[in-house]
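Below is one structure, written out as structure tokens, with a few remarks after it.
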Amino acid sequence: MKTKSNGTTERAEASNTWRYPVAESIKRIGLVLTLIAFVAGNALAGPRGWPHHPYPRSSVQLGVYVGVPWGYPPPVYWPYVYAPPVAPVVVVPPPPVYVEQPRMSAPMLEPGYWYYCNEAQAYYPYVKQCPGGWQQIAPQPAQ
């Protein structure tokens, strides 16, 4: 084999000469097939894009699938190992505790008496609560 000044051999140059016409012819075939598909698609569409025929009509359509093939191999890596779900912790609060406070309300009224509060310096029912306790007073007639 003879080596040329550009570093290639005669055999390498000969192999490149037949590759380019083959690649060009494959491109041309692909272009022609694409054009045929577009023309056939427009012909099948009918007038105004909708076939208006009173009788049923069948058609043949061709398509190209682009995507992942159905029989693809499993992944090379191992899938993640998922931990089992954790059961939720349920904390039931204790029921509320109600402590009833003694009421400092009006005294047990005995009929015929008035009740006086020294801290408030007023009579019942004008004062509802008396912290120091109620004084029982006999009523006096108005003068």
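None of the figures in this text is laboratory data; all of them are computed from the coordinates on show. Since the structure is predicted, the reported quantities are computational estimates derived from the model, not experimental observations. Cβ placement follows ideal geometry from the backbone for every residue including glycine, while neighbour counts extend to all protein chains displayed.
A few remarks follow.
- Order by protection proxy (mean Cβ within 10 Å, highest first), peptides 127-139, 27-39: 127-139, 27-39
- Nearest-0.05 FRET efficiency for Val39 and Val76, computed from C-beta distance (R0 35 Å): 0.20
- For the stretch 94-99, 3J(HN,Hα) per residue [Karplus equation, 6.51 cos²θ - 1.76 cosθ + 1.60, θ = phi - 60°, Hz, x = Gly/Pro]: x, x, x, 9, 9, 10
- Distance between the modelled labels on Tyr123 and Val97, one decimal in nanometres: 4.5 nm (7 Å Cα→Cβ projection).
- Using a simple spin-label model with pseudo-atoms 7 Å out from Cα toward Cβ, Trp114 and Val22 lie 12.8 nm apart.
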